[in-house]
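What follows draws every value from the coordinates through simple rules; no lab data is involved. All figures in this text were calculated on a predicted structure; none of them were measured in a lab. Positions of Cβ are generated from backbone atoms using ideal geometry, with glycine treated the same way; all protein chains shown enter the neighbour counts.
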């Protein structure tokens with residue numbers, strides 16, 4: 001698992017401050033439950049738990065995705081949650097809604113919007129939003145690499 005980096009995280013300490021999160025990270029499947037149905041198994045639905053981490057100046061940041069998929073021939077919607085756990089023991093969670101688009105070469109492009117659910121420790125009461133883009137080089141369940149960008153504001 002290669003992690004490119006995370007910058008500007010978990011720096012918000014007081015009410016009204018904003019933290020920018022900019023992370024590029026590789027994530028691997030830890031658990032997958034997928035079902036194929038339809039003519040020739042062309043519809044795939046189920047869920048996938050992916051995890052990865054990145055080294056930052058303040059320590060390791062862990063990224064977890066709990067994603068549900070509904071794909072036709074490898075493309076379709078996905079939704080679920082993204083959780084960031086910082087070395088400072090702060091956590092921030094996002095609701096994720098996205099789309100996967102299978103490419104002619106067999107890879108898949110991923111794009112999602114993110115909305116803050118809330119956080120813990122320094123991110124308790126957080127609000128905000130963001131997005132990520134990414135790719136998967138092989139079949140569903142194989143590793144992905146995403147670039148996540150978000151702005152998180154403390155209340």
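Here are some notes:
- Ordering 105, 42 by the number of other Cβ atoms within 10 Å of each residue's own Cβ, fewest first, gives 105, 42.
- For the range 17-155, the C-alpha radius of gyration sits at 1.08 times the compact-globule guess of 2.2 N^0.38 Å, with N the residue count.
- The separation of the range 59-81 from the range 129-155, counted between C-alpha centres, amounts to 8 Å.
- Theoretical gain in end-to-end length, residue 103 to residue 142 [0.36 nm per residue, Cα-Cα removed]: 12.5 nm
- In this rough spin-label picture, where each label sits 7 Å from Cα along the Cβ direction, the residue 31-residue 55 distance is 3.0 nm.
- Max mean-square fluctuation residue, GNM over the chain, Cα-Cα springs under 10 Å, options 82, 116, 33: 33
- Its relative contact order, with pairs defined as Cα atoms under 8 Å and 6+ residues apart, puts the range 17-153 at 23 percent.
- Near-label residues of the range 47-72 by backbone N, under 20 Å of a point 7 Å along Cα→Cβ of residue 135: 51-53
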